[in-house]
């Protein structure tokens with residue numbers, strides 16, 4: 001554990017006495033990006049954006065005709081929809097894709113006839129696209145690819161495209177989808193063993209990428225950036241589709257750069273680097289996280305809202321996890337509970353600064369929601385923040401008491417500290433009139449299964465990735481320590497079990513997407529997207545957010561710095 005001895009006021013700058021306080025320091029690396037994006041700060045759009053908009057509208061019209069037009073085989077329409085989605089432009093064609101998939105779902109048994117009957121690629125693609133769209137179709141359609149012994153047919157081994165599509169489809173599993181459990185093992189085994197003669201170089205690149213990052217668990221915009229480079233190498237690629245994709249990617253990148261510039265200016269005005277030198281300075285990485293939930297151009301205000309609140313929450317998290325004394329943390333928790341600017345003076349100086357940022361930010365939110373006639377919903381945002389610091393304070397007490405709870409007790413506190421509820425409340429505030437009081441109540445008071453699954457994925461993957469670093473610097477127990485103590489198992493055994501729990505939580509996510517509910521589907525998709533970001537940030541058992549100089553730097557560069565060559 002890293003300790004620094006500092007002389008600070010005992011509780012308030014108003015008091016003249018001071019004492020020596022031992023503080024933990026995590027020695028987080030400074031921001032990689034600094035003021036880099038400040039040069040993009042602007043309140044207006046460029047002329048080139050207007051020109052690109054006109055060109056994009058023309059290409060969208062051509063593509064709509066393709067989607068609506070008759071095709072020789074249903075498989076051709078499925079492949080076109082898949083390409084549109086994977087290239088990251090499906091948000092332009094949501095109505096058309098919905099209509100096409102609804103029609104395909106109504107008649108999908110016809111795809112079992114004729115040439116499609118034994119086409120593994122088409123059946124797997126059909127399955128993935130329909131479940132993705134919310135249709136709970138049965139995985140029994142894959143039984144036709146089994147032999148008389150109930151195993152997947154060895155004849156499929158040479159069908160690399162089919163195996164790849166089967167592998168991707170398996171990530172849409174529900175609980176009880178035993179066929180897909182078998183299919184996943186079968187597909188992985190043979191995809192990992194592909195020899196040079198069985199696939200084109202492009203297909204082999206797709207296989208290598210998929211084994212590391214399945215489509216369903218990837219950040220859509222990152223996956224689009226990768227797939228564009230593959231698609232343009234396809235000899236039969238659609239030139240209209242490719243041109244639209246590149247124009248759209250670069251135009252949206254310009255907008256994201258501008259947003260990052262404006263957020264950087266806001267962050268600098270807060271003087272975070274000087275006021276909170278102990279905290280993670282990860283504004284750009286947080287923007288990537290939140291744009292992974294909402295990347296579409298019309299959600300600029302929502303991205304800004306989410307990035308701001310979670311950059312602030314990162315500071316609060318590091319105050320509770322790293323810097324604050326237990327006495328100070330109790331004062332801060334009480335201050336948040338009271339939500340009154342007058343209590344600020346009773347806090348240490350660094351906490352006063354943080355408390356002011358929180359209240360000022362909520363005043364900003366309050367102004368916007370009141371202007372839109374939704375002031376009643378600000379209550380939910382405040383309650384979510386209060387719940388957050390209560391849970392943080394409990395974790396801090398565990399650390400100071402050297403308490404290692406059972407897994408059940410741990411999850412009751414550690415799932416709330418993922419800040420998922422706070423994220424989703426803020427997300428709902430940004431969704432507009434489609435969200436009612438019932439949706440807020442569903443989120444905060446009904447313990448929805450899909451939301452709980454997101455918390456499980458976030459908490460356990462974070463713990464697996466970060467527990468060694470956290471224990472070295474001094475930190476409360478993670479699920480790793482709790483599980484090892486409760487069940488008397490090794491670190492590897494604990495990790496294996498937690499990975500199983502993550503896999504089961506993903507099944508809850510998938511089922512949630514396909515359940516009939518009064519909750520707007522848009523919200524369910526955003527819950528899925530948040531889970532995807534969590535997967536990418538923690539999947540290699542490295543906390544890419546805390547250690548942002550790793551793969552996350554490459555992701556930022558690809559999304560916000562390097563445009564696509566036209």
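List of remarks:
- Computed lengthening from residue 39 to residue 516, 0.36 nm per intervening residue step minus Cα-Cα distance: 167.1 nm
- In plain terms, the chain from residue 372 to residue 158 could stretch by 71.2 nm, reckoned as 0.36 nm per residue minus the Cα-Cα distance.
- Residue 232-residue 60 FRET efficiency (beta carbon distance; Förster radius 22 Å; 0.05 resolution): 0.70
- Order of 180, 230, 236 - criterion: other Cβ atoms within 10 Å of each residue's Cβ, fewest first: 236, 230, 180
- Label-point gap, in nm, between residue 326 and residue 437 - each point 7 angstrom along Cα→Cβ: 4.2 nm
- The angle between the Cα long axis of helix 201-212 and the longest principal axis of the Cα atoms of the chain comes to about 40 degrees, rounded to the nearest 10.
- Each peptide in 363-369, 407-413 receives the mean, over its residues, of other Cβ atoms within 10 Å, and ordering these scores from highest gives 407-413, 363-369.
- Burial ordering of 172, 461, fewest other beta-carbon atoms within 10 Å first: 461, 172
- The distance separating the Cα centre of region 510-566 from that of region 307-355 comes to 28 Å.
- Take the Cβ atoms of residue 489 and residue 469, set R0 to 22 Å, and the FRET efficiency comes out at 0.55.
- By the count of neighbouring beta-carbon atoms within 10 Å, fewest first, 311, 375, 243 end up ordered 375, 243, 311.
- Estimated inter-spin distance, residue 135 and residue 364, nm [label 7 Å along Cα→Cβ]: 4.4 nm
- The angle separating the long axis of helix 491-514 from the principal Cα axis of greatest extent in the chain is about 60 degrees.
- Between the Cα long axis of helix 378-400 and the first principal axis of the chain there is an angle of about 70°, rounded to the nearest 10.
- Förster-model FRET efficiency, 22 Å R0, residue 404 and residue 447, C-beta, rounded to 0.05: 0.30
- Length gained when the stretch residue 174-residue 341 is fully extended (0.36 nm per residue, less Cα-Cα span): 55.3 nm
Read-outs throughout are calculated quantities, based only on the coordinates presented, and are distinct from any laboratory measurement. Everything numeric in this text was worked out from a predicted model, so none of it was measured. Here the Cβ is made from the backbone with ideal geometry for all residues, glycine too, and neighbour counts use every protein chain on show.
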